[in-house]
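Worksheet: the structure to be examined is printed underneath.
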Amino acid sequence: MHMSVERVSYLHEREIDECMNMIKHTFRPGMLEEAQVIRKAVSLVRKGAFRSFRFSQDHTTIEVLLDDGFEEFVSLPLSMTEGSCSCEQRDWCAHKIAVVFHLYSQFHSLTEWLHDWQQQEAEQMALTVSERTPEAWNDVLYRLTKPLREIGPSDNPNVFIHESSLMDQKVIPLSPFEWEWKPLFELFYRLHLLNAGWSFAQGHLEEANHFTYRQWQVKMWLNEQIEKLRDIGKALGKKPRLFETDAFYKALNMHVREFTLRNEGLFEVRLEIYAIMWEFLYKDTAAQNRELAHLLDDDSVDASFFAAYFNLTKGDEEALAKIAERAGGELVGHWLPLADLAAEMEDTGSLAVIMDTIYPHIGPFFEQIPFATDRYHFIRKIDGLLEEADFPESRREELFMIYGEDGVSAFGDFLIERERFAEWAALMHRFNIPYDGLEPDTLKFVLANDPASVMPLLHTYAMRFIQEKNRHSYRRAVRLFKNMKAGAKKSGKVDFWNRYIDTVREQYRRLRALSEEMEKGNLNL
């Protein structure tokens, strides 16, 4: 039996209202999956997905045919209790809810209902926050940021960043009215936001095979959150604390410890977050000693490195050495941020402890670095830290042997600084470094100080240019010959040079263009 939608809505208004109230309290806007069901149901109503409405033969059930890409059939009792749907989803699916919404919209505003539904979560959270306890804050902020946890690693970072931006808007009305409490609440929120987005950020920044725009987006988001944490930490560190905030700072301490120790990956970022908290908010020695005791009793792998951070900031080299011995140097990536901190503090002794701990493991760690650019920066960083730690030059050279071609640039600079010019030239020969790969200033410096050592290398480059057999390359070869000529003159090897250039001229006499360029160059002494 066919019946108009308006007629059904009019006759069963009470049942529809009760069903809408049930939906309102069953589906929570703060839960991503539940919110998606409601949004899909609204979308079906607004795009007019309904093909037909009719009564069943016994007039107790509404039978609806709708188009959701595929044809779906919904059977809904007039009592508006749970019916059935051909999609075979349990409970209330988007198709059954869409039927109720469509009936409701005949005499009411679905948009207003949707707005009220979305507001109820915010009102409930605001009521909870007003209790002014750390437990209430943590409960509300966990619920607020939960949708960020449910975004999968395969989702586009645009979705992740958009969801984070929405949370930044939703948290504004939840913030305490008093200005004394606002920064502390903001600090709680940022930590919850970072905690909720950690899995997504780690998956994109550590497990990616190559750095892309998507990874850059996530990296910028992470940097932004840390900068906001630092700004808030600085602001709170300069203000006197209210007595009522003691419980919040105690809870915050535990939250930071759990965040940094229980999350995995991106250790340098976790250490930076941890350092921000302890640099600005917990400056008293007693609190730091208690925290250090907690860390030393913790059996997690990362706890030792956070304990090492405290010993480093205290300048306790002996305690740092004990932790280094216990933790070992296999986790080079964990030690490097601490080494950077020691170098920044100009604590040579602590830096030497750290570098001596990781030294045997640098080679295996280097082999696991996938990108050439990262390998280059790693080599420069390690050599710089070893130099700061006053390591013997022989030990630094041992690592250059491990780096191979990736370390040519850094090893070359190492040799030039020590005026080992012949070894520098041999290094360029060994790894077949092209002429354009040399630093012009480096070559000038070598020619000015020991021209004889670089003559064989320049000869090799000149021969390569000649083999290219075009006038531009001949001119480049002649410029090299001029450099060699100046070096021979400075070295007092005039006869040698004249014999050499005459031999080259005779060898390539059939290359007319080369002969012309060599004549123009006036290469004989």
Which ranges mark the helices (runs of 4 or more DSSP H) fully within region 150-266 that have 1 or more residues being under 13 Å from the mean Cα position of the chain (by Cα), in contact (Cβ under 8 Å) with a residue 60 or more places away in the chain and surrounded by 20 or more Cβ atoms within 10 Å (Cβ to Cβ)?
157-170, 182-206, 213-237
Which residues, counting only those in region 396-410, are over 24 Å from Phe445 (Cβ atoms) and open to solvent by 70 Å² or more (accessible area, probe 1.4 Å)?
Glu398, Met401, Ile402
What number goes with the only condition from (1) open to solvent by 60 Å² or more (accessible area, probe 1.4 Å); (2) in contact with a His (Cβ under 9 Å, 6 or more places away or on another chain) that Asn432 does not pass?
(2)
So Asp299 fits all but one of (1) charged (D, E, K, R); (2) farther than 30 Å from Pro240 by Cβ; (3) within 26 Å of the chain's Cα centre (by Cα); (4) loosely packed, with under 14 Cβ neighbours inside 10 Å; what number is the exception?
(3)
Where in region 310-410 are there helices (runs of 4 or more DSSP H), lying wholly inside it, with at least 1 residues that are farther than 25 Å from His429 by Cα?
317-327, 332-344, 348-358, 362-367, 372-388
Report, by residue number, each residue of region 74-83 that is open to solvent by less than 60 Å² (accessible area, probe 1.4 Å) and either outside any loop (DSSP other than H, G, I, E, B) or touching a residue at least 24 places away in the same chain (Cβ under 8 Å) (or both).
Val74, Ser75, Leu76, Pro77, Leu78, Met80
Residues of region 361-398 being closer than 16 Å to Glu330 by Cβ and among the aliphatic types (A, V, I, L, M), in sequence order, are Ile362, Ile369, Ile382
I need the full set of residues from region 367-388 which are out of contact with any Gly (no Cβ under 9 Å at 6 or more places or on another chain) and open to solvent by less than 50 Å² (accessible area, probe 1.4 Å), in order please.
Ile369, Phe378, Ile382, Gly384, Leu385, Leu386
Quick check on Asp413: is it of a type in the set (D, E, K, R) and buried (at least 20 other Cβ atoms within 10 Å of the Cβ)?
no
Which is of a type outside the set (S, T, N, Q), closer than 30 Å to Pro360 by Cα and either touching a helix residue (DSSP H, G or I) at 6+ places or on another chain (Cβ under 7 Å) or in contact (Cβ under 8 Å) with a residue 40 or more places away in the chain (or both), of Tyr403, Tyr508?
Tyr403
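Residue-by-condition table, conditions (1) surrounded by fewer than 19 Cβ atoms within 10 Å (Cβ to Cβ); (2) among the small types (Gly, Ala, Ser); (3) free of Cβ contacts under 8 Å to residues at least 24 places away in the same chain:
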site	(1), (2), (3)
Leu458	no, no, no
Arg464	yes, no, no
Glu468	yes, no, yes
Arg471	yes, no, no
Tyr474	no, no, no
Phe496	yes, no, yes
Leu514	no, no, no
Count of region 267-309 residues which are of a type in the set (D, E, K, R) and outside any helix (DSSP H, G or I)
5
For region 39-63 the number of residues that are of a type outside the set (Gly, Ala, Ser), under 49 Å from the mean Cα position of the chain (by Cα) and open to solvent by less than 30 Å² (accessible area, probe 1.4 Å) is 3
Among the residues of region 90-118, what is the count of those that are under 18 Å from Arg28 (Cβ atoms), open to solvent by 40 Å² or more (accessible area, probe 1.4 Å) and outside any helix (DSSP H, G or I)?
2
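The values are calculated or read from the model by the stated rules, or taken from the named source; none is laboratory data. No experiment lies behind these values; they were computed from the predicted model shown. When we count neighbours, we look across all protein chains shown, and the Cβ atoms used for this are built from the backbone with ideal geometry, even at glycine. With ligands, DNA and RNA removed, areas are computed over all heavy atoms of the protein, side chains included. Shrake-Rupley method; radii C 1.70, N 1.55, O 1.52, S 1.80 Å.
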